[in-house]
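Reviewing the structure listed below.
The values are calculated or read from the model by the stated rules, or taken from the named source; none is laboratory data. Bear in mind the structure is a predicted one, so any value in this text is a computation, not a measurement. Here the Cβ is made from the backbone with ideal geometry for all residues, glycine too, and neighbour counts use every protein chain on show. Accessible surface is based on the protein model in full, side chains and every heavy atom, while ligands, DNA and RNA are left aside. Shrake-Rupley method; radii C 1.70, N 1.55, O 1.52, S 1.80 Å.
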Amino acid sequence: MVKRTHTTELGSIACEELGELGAGKEGWFDNPSLLCALDTHSLALANRSVIVVLGWADSDGARLKIRPELSPIEAEFVTAVEWLVFDEIRVVVAGTSSGYLLFFSLDGDLIHKQMVYPERIIRLRVRGTKRDLTHETSSEEVCVVMPGIVARFDGSDIQNMLLQWFEDTQSQFWDQTLKKRGSDDFGHSYGKLPYQLWSVSKYGTCADAAITGIMPPPLMEIQSTEHYLCGITVGEDAVISAFRLSEDNNRSLVGAILSKVVPATFSTIASLSKMIWGSDQTSSKKSEEKPQTFAQASPLTCLKDFPRKGEKLTLSPSGTLAAITDSLGRILLLDTQALVIVRLWKGYRDASCLFMEMLVKKDTAASNSSYYEPTKSDYCLCLVIHAPRKGIIEIWQMRTGPRLRAFQCAKGSKILQPTYRFGSSIASPYVPLEVFLLNGDSGQISVLNRTL
């Protein structure tokens, strides 16, 4: 009888560079301050002060060690890491405890530095939604999650900035340009990226959050042309909360008041200072960056169930489903459009969840041909649950399907998923959603098989 295999080995990430992250010590991969981000053939691992980038393909993957310049006065440290992939451009983005985003090239150079909000960045989410019947264009974004705050960067704005940087690196005048730039100006050399900012702390600070997509306007604004987004948060005070996020910053009442009051107040203070001191008080130092005002975030609903606390949130590719883990070992499957729990699993403490697509429709004559290329309709959306306390991985068919697979995994393992690739065309061959398994003790990385 042939032994059933559930994973396919791809390579190993074991190297000396991982020693600085604690590799070799028992339980090093379970350290909560260890951050992981996966690209197709590369992995970024980070602790509080160092980011290690390495590959495993053909055992000759490039290795890079990045040491971000962090503020010792504020005891700043790295709190989030993610990949951004735009065709031939690949960069690593880090979030810090002071609310900064740091963009690094694969040579370790700082491309861009920007303050989002002076709060700890919990997570960076990269996702995209394709065009549908109601929207002619697709949407690609980077979502920045902070305690009680969500920010959204449009993918096209980031792409334009990176394209400008890429053109500069190819220019023969690049070295001369670098010399002209001061060290303080380099991180802001491509201007400030526009973004939207919302406060979602109505029901307490959040442990995780996500923007699921566009939602209808309020009932009294059916004729409105303004776009609204749906935001989902999980946290201690409310297990799940939902918000309607306005894309228009001017809709924020606080922002509207501040836009009128602050300039007048500043003008009055400036006039008084001139009368008292007889001259303008100028400073040679740059003024500190002021946080961006919040756009309107209207609360829709919440689930409070003390002492249960929401811990982690995972979105499906379309954003219509969210898997939420809580402190009581339950996994909730949320329909993000109806805002209803459609499924519940119990007994999965410290679990991690990721969505993947599996080949389940193989009964057609065309699919049996060696020349047949599976299409999107051949795949079925599934939820992968990694239960480290049980030492198993389970795969469940969505939404209400059976458990398709369950197998043992090594202690100290993690499930990971490659980041979303910006600009992927609908006409290109369909690439199904995959889940990878990384063994922290051996350094072995594998991919979960898609075929039953």
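Quick look at the numbers
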read-out: Failed item in (1) assigned to a strand (DSSP E or B); (2) among the acidic types (Asp, Glu); (3) surrounded by fewer than 21 Cβ atoms within 10 Å (Cβ to Cβ), with residue 107 passing the rest; value: (1)
read-out: Matching residues in the range 416-445 - criterion: being open to solvent by 20 Å² or more (accessible area, probe 1.4 Å), farther than 19 Å from residue 23 by Cβ and not small (Gly, Ala, Ser); value: 417, 418, 420, 421, 426, 429, 430, 431, 433, 434
read-out: Single residue of the range 215-266 satisfying the filter (among the hydroxyl-bearing types (Ser, Thr, Tyr) and at pLDDT 60 or above) that is most open to solvent (accessible area, probe 1.4 Å); value: 225
read-out: Complete set of residues in the range 57-77 that are out of contact with any Ser or Thr (no Cβ under 6 Å at 6 or more places or on another chain) and either of a type outside the set (A, V, I, L, M, F, W, C) or open to solvent by less than 10 Å² (accessible area, probe 1.4 Å) (or both); value: 58, 59, 60, 61, 63, 65, 66, 67, 68, 69, 71, 72
read-out: Matching entry among 201, 189 (being at pLDDT 50 or above, within 30 Å of residue 305 (Cβ to Cβ) and assigned to a loop (DSSP other than H, G, I, E, B)); value: 201
read-out: Residue that is nearest to the chain's Cα centre (by Cα) [pool: residues in the range 1-47 that are in contact (Cβ under 8 Å) with a residue 24 or more places away in the chain and within 15 Å of residue 80 (Cβ to Cβ)]; value: 37
read-out: Residue match in the range 336-347 (condition: open to solvent by less than 60 Å² (accessible area, probe 1.4 Å), farther than 18 Å from residue 228 by Cβ and in a loop (DSSP other than H, G, I, E, B)); value: yes
read-out: Residue within the range 305-322 that is under 15 Å from residue 207 (Cβ atoms) and of a type in the set (Val, Ile, Thr) present; value: yes
